[in-house]
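Below you'll find the structure, written out as structure tokens, and then a few comments.
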Amino acid sequence: MNIQWYPGHMARAKKLLQENLKLVDVAIELLDARIPLSSRNPVVNELLDKKPRLIILNKSDLADSNFTEIWKRKLTGPNIQVVAVDSIKGSGIKSVPSAVFKLAEGIMSKLLSKGRRPRAVRCMVVGIPNVGKSFFINRLVKQKAARTGNRPGVTRGQQWIRVAKNLELLDTPGILWPKFNDQEAAYKLAVTGAIKSEVIDIKEVSGKLALWLKDNYPDVLINRYKLTEIPDKTEEILTVIGCSRGFLLPGGIVDDYKAAVLLLKEFREGLLGRFTLDVPE
Ligand SMILES: Nc1nc2c(ncn2[C@@H]2O[C@H](COP(=O)(O)OP(=O)(O)OP(=O)(O)O)[C@@H](O)[C@H]2O)c(=O)[nH]1
Ligand SMILES: [Mg+2]
């Protein structure tokens, strides 16, 4: 497996992010709660080094809540706060403004002491494609201010959005990095939907997921797809799923591509349960 995806618009977005960084007081970094390590962009992480940072573990409704608690503790640090959020239902959103104001306290009081007029706290929302940046912002402003979509690469330009008189956000396009040296992380990005489907081998990615489920949560596969047992070989797991669902091609051959698509889709929608792929040590 070799997954790579760094189209021109991401390189441009990274440049824009770099330029706009000096305009903002706080960076809001959205990570996918299912893969808090693999969804962290190392290039952006470095750029944000000196900024007060609020980490949002988004899609926490799809992640294992015990692991999310551990990740929250691990990721918190000096000048870094962490909040777990479900941007669809809105849980966790309420504590976001107070966390932002706390992180911006130092900067704002410095401005005031210099005799500058009070102004809104400015935040930049950054994260990988499809992690839910625009959904998160819309939740925060309680209206559809930012364009969203169930595929990576929806937001193209940057967009300022006013949440309240004292809080403004900059929505940015999702950015990955030029080379995935860690293909294990790339696979996790593919499984969770951060990489567009055209550049991945669906059967390979879904097969790897099937194997992971077999090794860690076999009952989930058995119950969901009404299997009697799970074969050892990756391709065969997809075949038994396809067989169980009656996915047949002409000639009675099982359509394991269709099974691969189904497994990925159901995993992403949370129909198999809540899973964290980056397991904390
Ligand atoms: N289950 C779940 N789904 C979410 C959550 N937040 C966003 N989504 C889904 O994730 C998908 C992507 O959301 P967007 O807000 O468009 O993602 P984005 O990060 O702005 O993506 P780009 O603009 O492409 O970089 C949508 O289909 C949402 O339904 C969440 O907290 N939980
Ligand atoms: Mg977006």
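The values are calculated or read from the model by the stated rules, or taken from the named source; none is laboratory data. As the structure is a computational prediction, the values presented were derived from the model and not from experiment. Reconstructed Cβ throughout: ideal geometry from the backbone, glycine too, with neighbour counts over all protein chains shown. What goes into the accessible areas is simple: the full protein's heavy atoms, side chains included, and nothing from ligands, DNA or RNA. Shrake-Rupley method; radii C 1.70, N 1.55, O 1.52, S 1.80 Å.
Values computed for the structure shown
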{"quantity": "Matching residues in region 63-89 - criterion: being more than 20 Å from residue 100 (Cα to Cα) and in a loop (DSSP other than H, G, I, E, B)", "calculated": "63, 64, 88, 89"}
{"quantity": "Region 170-181, subset more than 12 Å from ligand 1 (Cβ to nearest atom) and either at pLDDT below 90 or touching a helix residue (DSSP H, G or I) at 6+ places or on another chain (Cβ under 9 Å) (or both), residue nearest to residue 279 (Cα to Cα)", "calculated": "180"}
{"quantity": "Qualifying residue in region 11-21 (condition: assigned by TED's automatic domain parsing to the domain that holds residue 105, within 14 Å of ligand 1 (Cβ to nearest atom) and part of a loop (DSSP other than H, G, I, E, B))", "calculated": "no"}
{"quantity": "Whichever residue in region 124-159 is among the hydroxyl-bearing types (Ser, Thr, Tyr) and touching a helix residue (DSSP H, G or I) at 6+ places or on another chain (Cβ under 6 Å) and, among such residues, is modelled with the lowest pLDDT", "calculated": "155"}
{"quantity": "Given (1) within 28 Å of residue 4 (Cβ to Cβ); (2) at pLDDT 95 or above, index of the condition residue 49 fails", "calculated": "(2)"}
{"quantity": "Test for residue 90: is it of a type outside the set (A, V, I, L, M) and within 30 Å of residue 274 (Cβ to Cβ)", "calculated": "yes"}
{"quantity": "Residue in region 260-272 that is at negative phi, small (Gly, Ala, Ser) and in contact (Cβ under 8 Å) with a residue 24 or more places away in the chain present", "calculated": "yes"}
{"quantity": "Residue list for region 183-224, restricted to those being under 16 Å from residue 258 (Cα atoms) and either of a type in the set (Ser, Thr, Tyr) or not in a helix (DSSP H, G or I) (or both)", "calculated": "197, 200, 201, 206"}
{"quantity": "Cross-chain or 6+ apart pairs with Cβ under 8 Å, region 78-92 first and touching a residue at least 12 places away in the same chain (Cβ under 8 Å), then part of a loop (DSSP other than H, G, I, E, B) and of a type in the set (Gly, Ala, Ser)", "calculated": "83/92; 84/33; 84/92; 85/91; 85/92; 86/92; 87/132"}
{"quantity": "For residue 104: the one exception among (1) at pLDDT 95 or above; (2) under 21 Å from residue 189 (Cα atoms); (3) out of contact with any Leu (no Cβ under 8 Å at 6 or more places or on another chain)", "calculated": "(2)"}
{"quantity": "Test: residue 215 is at pLDDT 95 or above and surrounded by fewer than 18 Cβ atoms within 10 Å (Cβ to Cβ)", "calculated": "yes"}
{"quantity": "Residue in region 20-42 that is within 16 Å of ligand 2 (Cβ to nearest atom), at pLDDT below 95 and open to solvent by 30 Å² or more (accessible area, probe 1.4 Å) present", "calculated": "yes"}
{"quantity": "Conditions (1) farther than 27 Å from residue 72 by Cβ; (2) in a helix (DSSP H, G or I); (3) open to solvent by 20 Å² or more (accessible area, probe 1.4 Å); (4) aliphatic (A, V, I, L, M): number failed by residue 230", "calculated": "(2)"}
{"quantity": "Test: residue in region 53-62 that is in contact with a strand residue (DSSP E or B) (Cβ under 6 Å, 6 or more places away or on another chain), crowded, with 23+ Cβ neighbours inside 10 Å and part of a helix (DSSP H, G or I)", "calculated": "yes"}
{"quantity": "Subset of region 63-76 (residues that are polar (S, T, N, Q) and buried (at least 16 other Cβ atoms within 10 Å of the Cβ))", "calculated": "68"}
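Quick grid of which residues meet (1) open to solvent by less than 50 Å² (accessible area, probe 1.4 Å); (2) within 16 Å of ligand 1 (Cβ to nearest atom):
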site: 150; (1), (2): no, yes
site: 168; (1), (2): yes, no
site: 194; (1), (2): yes, yes
site: 197; (1), (2): no, yes
site: 205; (1), (2): yes, no
site: 209; (1), (2): yes, no
site: 224; (1), (2): no, no
